[in-house]
Amino acid sequence: MSWTIREATVDDISELVALRREMFEAMGFDDAVTLDRACVAARAYFAEHMSTGAFRVWVAVSSGADGDDTGREAGSGETGTCCGRDVTPGKSDGELIASIGLVVHSVPPSPCSLVGRVGYIMNLVTLPAHRRNGIAAALLDRVLDVVRSEGIPIASLHATRIGRGIYEQAGFDVDEELPEMRLTLS
């Protein structure tokens, strides 16, 4: 099976919503009514924020079977093949099998970020049948390349216990001095 990575468009919203639902189901959310409501809200968010560029998404798209399902796709935007995988940007002749999102937040400058910008990475999900093929790592590499190229000094994210390893391999760690705390208000 080969696959490509490309930036998603608003035409991909239905499939992106389905991938997001898959992510929440894999995290253990099983209330169909709540998931349906979350999908409606996600569809509206994607439509509004993808069209302005405030929320950017990259997807992996299957492009048939070539018998090679080992190795990993290069995440740097090359055209051609890498490890048996087609990496031609913009090619999309198959099913969306994985996605990753990025929001760049404007924050007050600090000693950690004099430019006052933080990249927040979210929604990294791969369909179960396509996991363990390097797709998630390639998507993460692609987004980290974008963050670096835009001069954003910090990338942050929330990781599930199951997904934490891929982020640790990419160099993410937990700062015990500044752990995130959360209060749910509604």
Say we look at the stretch 16-43 and pick out the residues that are in a helix (DSSP H, G or I) and charged (D, E, K, R); which of these is nearest to Arg6 (Cα to Cα)? Arg20
Residues in the stretch 26-41 that are in contact (Cβ under 8 Å) with a residue 12 or more places away in the chain and either among the aliphatic types (A, V, I, L, M) or touching a Cys at 6+ places or on another chain (Cβ under 7 Å) (or both): how many? 4
Starting from the stretch 2-25, take each residue that is on the phi < 0 side of the Ramachandran plot and of a type in the set (S, T, N, Q) and list its partners that are part of a helix (DSSP H, G or I) and modelled with pLDDT under 95, counting only C-beta distances under 9 angstrom and pairs at least six apart or across chains. none
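When you go through Gly94, Gly116, Gly165 one by one, which is the residue that is small (Gly, Ala, Ser), closer than 21 Å to Arg20 by Cα, out of contact with any helix residue (DSSP H, G or I) (no Cβ under 9 Å at 6 or more places or on another chain) and without any contact (Cβ under 8 Å) to a residue 12 or more places away in the chain? Can you show your working first?
Values: Gly94 fails: without any contact (Cβ under 8 Å) to a residue 12 or more places away in the chain; Gly116 fails: closer than 21 Å to Arg20 by Cα.
Gly165 is the lone residue from the list that is small (Gly, Ala, Ser), closer than 21 Å to Arg20 by Cα, out of contact with any helix residue (DSSP H, G or I) (no Cβ under 9 Å at 6 or more places or on another chain) and without any contact (Cβ under 8 Å) to a residue 12 or more places away in the chain.
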Exception for Ala65 within (1) touching a helix residue (DSSP H, G or I) at 6+ places or on another chain (Cβ under 8 Å); (2) at pLDDT below 95 falls at (1)
Is it true that Leu124 is buried (at least 18 other Cβ atoms within 10 Å of the Cβ) and at pLDDT 90 or above? yes
Can you tell me which residue among Glu150, Glu180 is surrounded by 10 or more Cβ atoms within 10 Å (Cβ to Cβ) and either in contact with a strand residue (DSSP E or B) (Cβ under 8 Å, 6 or more places away or on another chain) or at pLDDT below 95 (or both)? Glu150
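The values are calculated or read from the model by the stated rules, or taken from the named source; none is laboratory data. Small disclaimer: the values here were computed from a predicted structure and weren't measured. A quick note on method: Cβ atoms are made from the backbone with ideal geometry, for glycine too, and the neighbour counts reach across all protein chains shown.
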